[in-house]
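First the structure, in the form of structure tokens, and then the observations on it.
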Amino acid sequence: MSSKLTQNAANSVTQTFLQRTRGSGEWNARARESMPGGDTRAASYYTPHPAYMTHGEGCFLFDYDENQYIDFLNNYTSLIHGHGHPATVSAIQEQAARGTVLGSAAEVTVLHAELLCSRVPSFDSVRYCNSGTEATLLAMRAARAFTGKDIIVKMDGGYHGSHDYVQLNMQPDTTEEGPPTPRLSSRGVPESTLEGMLVAQFNDLDALRDLLTAHGDSIAGVILEPALGAGGGVEPEPGYLQGVRQLADEFDVLLIFDEIMTFRQDVGGFQST
């Protein structure tokens with residue numbers, strides 16, 4: 001009975017959504033002609049079709065059918081000031097008037113890097129990247145180059161972008177007992193990538209210690225989100241991140257905090273809280 005009630009409720013919500021977003025449905029059909037699935041961001045899609053937004057104001061979004069939404073997503077935490085904040089708009093306009101892309105070294109880059117280094121205790125210097133995928137790829141490559149070792153440990157359920165080496169265990173297997181088994185999360189990724197990766201359980205210091213004890217001589221570093229995002233919004237237990245830091249020091253491996261999602265938690269990032 002409960003299953004039938006749930007299905008009826010879901011059908012009712014879907015029908016209401018379809019009636020209120022006819023324009024978005026038309027845009028989705030049009031978008032599918034030029035983009036696979038109708039968008040370049042897989043997370044933007046949901047059935048029967050996503051609502052297509054036209055603009056945002058403060059904490060609100062507005063779609064093609066003039067529906068108004070409260071934006072709890074904030075572009076996955078990057079828009080902590082909301083949409084169209086006057087100070088943000090003014091700064092963008094001021095910089096655009098000075099030049100859009102200068103294609104050379106620029107003072108604004110130096111000033112921003114200095115600001116970041118002053119805010120984050122672990123930052124001695126900054127390297128800018130074009131995307132989160134590029135940032136984690138280069139961080140892992142740098143760890144391997146610096147240590148001369150090949151293996152990187154990631155967390156079960158950790159998400160670090162779309163390059164091959166992190167396309168494994170992006171969703172935790174809740175049916176699995178014992179240590180996580182490395183498994184590919186995407187088609188088109190060679191099985192050989194598993195040779196350079198190990199997987200640990202988030203929030204389990206004993207399991208990480210066991211992994212480092214068994215493979216420490218081959219491990220270049222450990223990469224993790226301070227709080228799992230795509231893996232279920234899992235926060236670290238008290239003392240867990242400090243424990244990971246201590247284990248990394250004890251076994252002489254590098255620790256890579258992927259703060260692409262969590263950096264807005266505090267002025268100095270999640271790691272400074």
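Annotations
- Qualifying residue in segment 151-169 (condition: crowded, with 18+ Cβ neighbours inside 10 Å, in contact (Cβ under 8 Å) with a residue 12 or more places away in the chain and acidic (Asp, Glu)): yes
- Within segment 119-150, tally of residues that are within 23 Å of residue 268 (Cα to Cα) and surrounded by 11 or more Cβ atoms within 10 Å (Cβ to Cβ): 19
- Of the criteria (1) in a helix (DSSP H, G or I); (2) under 26 Å from residue 145 (Cα atoms); (3) over 17 Å from the mean Cα position of the chain (by Cα), which one residue 271 fails: (3)
- Residue, surrounded by the most Cβ atoms within 10 Å (Cβ to Cβ), within segment 58-76, restricted to residues that are free of Cβ contacts under 8 Å to residues at least 24 places away in the same chain and farther than 26 Å from residue 15 by Cβ: 74
- Candidate set: segment 1-44, residues that are small (Gly, Ala, Ser) and surrounded by 13 or more Cβ atoms within 10 Å (Cβ to Cβ); chosen: the one nearest to residue 75 (Cα to Cα): 44
- Those residues of segment 122-150 which are in contact with a helix residue (DSSP H, G or I) (Cβ under 6 Å, 6 or more places away or on another chain) and of a type outside the set (A, V, I, L, M, F, W, C), in sequence order: 149, 150
- Scope segment 103-124; condition polar (S, T, N, Q) and closer than 15 Å to residue 257 by Cα; matching residues: 122
- Scanning segment 100-149 for residues that are at positive phi and in the same structural domain as residue 252 (by TED's automatic domain parsing) turns up just one, 148.
- In this structure, residue 193 does satisfy being surrounded by 14 or more Cβ atoms within 10 Å (Cβ to Cβ), free of Cβ contacts under 8 Å to residues at least 60 places away in the same chain and among the hydroxyl-bearing types (Ser, Thr, Tyr).
- If the condition is being touching a Pro at 6+ places or on another chain (Cβ under 8 Å) and on the phi < 0 side of the Ramachandran plot, then segment 162-201 contributes 164, 168, 172, 173, 180, 194, 197, 198, 199, 200, 201.
Yes/no per residue for (1) within 30 Å of residue 161 (Cβ to Cβ); (2) of a type in the set (Ser, Thr, Tyr); (3) more than 28 Å from the chain's Cα centre (by Cα):
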| site | (1), (2), (3) |
| --- | --- |
| 6 | no, yes, yes |
| 16 | no, yes, yes |
| 21 | no, yes, yes |
| 34 | yes, yes, no |
| 41 | yes, no, no |
| 49 | yes, no, no |
| 52 | yes, yes, no |
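- Residue among 83, 55 that alone is touching a strand residue (DSSP E or B) at 6+ places or on another chain (Cβ under 7 Å), over 24 Å from residue 15 (Cβ atoms), surrounded by fewer than 12 Cβ atoms within 10 Å (Cβ to Cβ) and not hydrophobic (A, V, I, L, M, F, W, C): 55
The values are calculated or read from the model by the stated rules, or taken from the named source; none is laboratory data. Every value quoted in this text rests on a predicted model; they were computed, and no experiment measured them. All Cβ positions, even for glycine, are placed from backbone atoms using ideal geometry, and neighbour counts span all protein chains on display.
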